[in-house]
Every structure is written in structure tokens, then in C-alpha cells.
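Remarks on the structure that follows.
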Amino acid sequence: MSQYVDGFVIPVSRKKLGLYKSIATKAAKVWREHGALDYKECVMDTLPQPEGVPGDLFRKLAKTKSEETVIFAYIRYRSRAHRDRVNAKVMADPRLAAMCDPKKMPFDMARMTFGGFNVLVSR
């Protein structure tokens with residue numbers, strides 16, 4: 001059985017990273033309690049990325065502004081069906097609804113890029 005991953009690329013203001021981390025920490029707890037196998041939120045290295053290297057491509061994908069950095073996040077599941085069951089529980093969890101007021105989010109949700117992926121290689 002192949003595992004499944006939801007992946008996210010999110011532009012976040014460096015000034016709002018603390019708030020983002022707080023929300024992500026709470027979200028991780030909710031997803032894990034409802035059965036996600038793994039939950040990671042990663043912030044792009046602050047070292048300058050020359051144009052044309054992978055970091056530059058992530059910034060272009062996220063359409064970052066000069067004061068923003070990129071969050072790369074993923075949630076791992078046993079399968080797509082498992083993901084669907086977990087996400088149904090997560091979306092019904094009042095703790096998540098309390099965190100996801102678009103007016104209070106530390107990033108522009110319309111600029112978030114995400115997708116579901118079947119795991120091809122896992123070691």
C-alpha cells in the first residue's frame with residue numbers, strides 16, 4: 001500500500017513567523033490526534049538563494065514579497081483513503097475552525113499552493 005502526502009508551499013511574512021509557528025503547532029496536534037502519520041512545517045533557509053536554484057524557484061512559486069519567506073509543509077498518511085478520513089475529522093474539529101479565521105491568518109491563503117501526492121519512494 002502506497003503512502004500519501006499533502007504538500008504545501010506558503011509565503012509568510014518573516015515578522016509573522018512566530019504567529020505562524022503557534023498556529024502550525026496547534027494544527028499538527030489536531031492532525032496527529034486524528035491519525036496523520038507525520039506533520040512537518042519547514043521554513044526556508046535564510047541564506048540568499050541565487051536566481052535559478054531550487055530556493056529561487058520556491059520563492060517564485062510562492063510569489064514571495066521582499067519581507068516574506070517560504071514555508072514548505074507536508075502531512076503524511078497511509079493512503080489517499082486514510083487522508084480523506086483524517087481530513088474529514090480534522091475539518092470537523094472545532095479547534096481547527098477557531099484557528100482558521102482568514103482575517104487572522106498570518107499569510108494570504110489565496111497564495112498558498114498545495115496538492116496531494118502518492119509516495120513513489122520511501123526509505
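Values in this text are rule-based calculations from the coordinates and carry no lab data. Given the structure is predicted, the values throughout are model-derived calculations rather than measurements. Glycine gets a Cβ as well: all are built from the backbone with ideal geometry, and neighbour counts include every protein chain shown.
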If you look for lysine pairs in the chain that are eight or more places apart or on different chains, how many of them have Cα atoms under 13 Å apart? 7
When the Karplus curve 6.51 cos²θ - 1.76 cosθ + 1.60 is applied with θ = phi - 60°, which whole-Hz ³J(HN,Hα) does each residue of the stretch 103-119 get, with x for Gly and Pro? 6, 10, 6, x, 8, 7, 4, 5, 9, 6, 10, 8, x, x, 9, 7, 6
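Pop the C-beta distance of ALA92 and LYS16 into the FRET formula with R0 = 22 Å and round what comes out to the nearest 0.05. If you can, show how the numbers build up before the last one.
Working: r = 27 Å, r/R0 = 1.24.
Efficiency for this residue pair is about 0.20.
How large is the Rg to Rh ratio of the stretch 4-118 when both quantities use alpha carbon positions and Rh follows Kirkwood? Intermediate results must be reported in sequence, preceding the final value.
Details: Rg = 14.6 Å, Rh = 14.9 Å.
Taking Rg over the Kirkwood Rh, I get 0.98.
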Total charge dipole magnitude, the stretch 4-118, about the Cα centre, Cβ charges on Lys, Arg, Asp, Glu only, Debye to nearest 20: 320 debye
Would you mind checking the tilt of helix 80-92 against the longest principal axis of the Cα atoms of the chain, expressed as 0 to 90 degrees and rounded to 10? 80 degrees
At most 16 other Cβ within 10 Å, DSSP loop - chymotrypsin sites (Phe, Trp or Tyr not before Pro), the stretch 53-123: none
Largest fluctuation, ALA27, ALA88, ALA36 only, Gaussian network model of the chain with Cα springs under 10 angstrom, belongs to ALA88
At 7 Å along Cα-to-Cβ for each site, give me the label-to-label distance between ARG80 and PHE114 in nm. 1.8 nm
Which is farthest toward the positive dipole end of the chain among ASN118, PRO94, THR69, measuring Cα position about the Cα centre, with Cβ charges +1 (Lys, Arg) and -1 (Asp, Glu)? PRO94
For SER79, enumerate residues with amide H under 5 Å from its amide H, sequence gap 5+ or separate chain, H modeled in the peptide plane. TYR4
